[in-house]
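Every number in this text was worked out from the coordinates using simple rules, so none of it is lab data. Only a predicted model underlies this, so the values are computations on that prediction, with no experimental measurement involved. No Cβ is skipped: glycine too gets one built from the backbone with ideal geometry, and neighbour counts run over all protein chains shown.
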Amino acid sequence: MLYKLRFTKKAKKDIQSLSPKLKNKAKDILRNKIAYNPMEGKALTGSLKGYYSVRLSYQDRILYRIEKDKCIVLIIRARTHYGE
């Protein structure tokens, strides 16, 4: 089953600010991994329970939430949380 991808304003801004190489990698991960099998990401715990994460680079992650009933993946962030 193919999930629709939706982006928060912050996620769109994050992706636009990535280097061209990371931007292409993010597009590949979103289209070929998360859209087809969003449960493949790492399920987060604690205050981020219900969210998933996929590594984009050493520091950067794609943070998202799955809305199974609507077949939608909501992309929350696509940058680092270090130093913020």
Item to check | Filtered residue count, the range 5-26, keeping only those that are assigned to a helix (DSSP H, G or I), touching a residue at least 12 places away in the same chain (Cβ under 8 Å) and of a type in the set (D, E, K, R) | outcome: 3
Item to check | Total residues in the range 14-52, condition among the aliphatic types (A, V, I, L, M) and out of contact with any helix residue (DSSP H, G or I) (no Cβ under 8 Å at 6 or more places or on another chain) | outcome: 8
Item to check | Residues of the range 10-34 satisfying the condition of being among the basic types (Lys, Arg) and more than 18 Å from GLU67 (Cα to Cα) | outcome: LYS10, LYS12, LYS13, LYS21, LYS23, LYS25, LYS27
Checklist entry - TYR52 versus (1) within 12 Å of the chain's Cα centre (by Cα); (2) under 17 Å from ILE76 (Cβ atoms); (3) part of a helix (DSSP H, G or I): which is the lone unmet condition? => result (3)
Checklist entry - Quick check: is even one residue across the range 59-69 free of Cβ contacts under 8 Å to residues at least 24 places away in the same chain and part of a helix (DSSP H, G or I)? => result yes
